[in-house]
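What follows is one structure encoded as structure tokens, with my remarks underneath.
The values are calculated or read from the model by the stated rules, or taken from the named source; none is laboratory data. Owing to the predicted nature of the structure, the values given are computational and were not obtained by experimental measurement. Methodologically, a virtual Cβ is constructed for each residue, glycine included, from the backbone with ideal geometry; neighbour enumeration extends over all protein chains shown.
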């Protein structure tokens, strides 16, 4: 039995309580939707519903990776700040106009954070 979105978000919130610069993540795109894991534990998920299928590529984009094909996974490394944006994106209801505006803002913030982090590593 899989973990609920609510429980996954609770784990995600616990993960970002202590800010960290680099957390390894695994994105698995299955028939039931997109699952984001850290150390094997689900921290975010989108369902295979219409809204979930629309959100999945944006979750991957926020992490700076491409959405894997169904049945595949991809690894990503992100700061807790970027993960915060991923958790927010995975919870949006895009049927609301405000959510689409917020999505744009969250994606821009995540990209800026990834860019800033890459400059710090050099």
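Here are the numbers for this structure:
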quantity: Failed item in (1) surrounded by 13 or more Cβ atoms within 10 Å (Cβ to Cβ); (2) in a helix (DSSP H, G or I); (3) at pLDDT 95 or above, with residue 52 passing the rest; calculated: (3)
quantity: Criterion violated by residue 22 - all others in (1) exposed (fewer than 15 other Cβ atoms within 10 Å of the Cβ); (2) over 25 Å from residue 116 (Cβ atoms) satisfied; calculated: (2)
quantity: Some residue of the stretch 99-110 being surrounded by 15 or more Cβ atoms within 10 Å (Cβ to Cβ) and touching a residue at least 60 places away in the same chain (Cβ under 8 Å); calculated: no
quantity: Qualifying positions in the stretch 15-31 - farther than 25 Å from residue 101 by Cβ, outside any strand (DSSP E or B), in contact (Cβ under 8 Å) with a residue 12 or more places away in the chain and touching a helix residue (DSSP H, G or I) at 6+ places or on another chain (Cβ under 9 Å); calculated: 15, 18, 19, 20, 21, 22
quantity: Residue 12 on the phi > 0 side of the Ramachandran plot, touching a residue at least 40 places away in the same chain (Cβ under 8 Å), surrounded by 14 or more Cβ atoms within 10 Å (Cβ to Cβ) and in contact with a strand residue (DSSP E or B) (Cβ under 8 Å, 6 or more places away or on another chain); calculated: no
quantity: Selection within the stretch 55-68 - outside any loop (DSSP other than H, G, I, E, B) and surrounded by fewer than 14 Cβ atoms within 10 Å (Cβ to Cβ); calculated: none
quantity: Single match in 95, 114, 85 (criterion: in a loop (DSSP other than H, G, I, E, B), more than 12 Å from residue 27 (Cβ to Cβ) and in contact (Cβ under 8 Å) with a residue 12 or more places away in the chain); calculated: 95
quantity: Residue satisfying all of: in the stretch 32-53; touching a residue at least 24 places away in the same chain (Cβ under 8 Å) and out of contact with any strand residue (DSSP E or B) (no Cβ under 6 Å at 6 or more places or on another chain); nearest to residue 100 (Cα to Cα) among these; calculated: 51
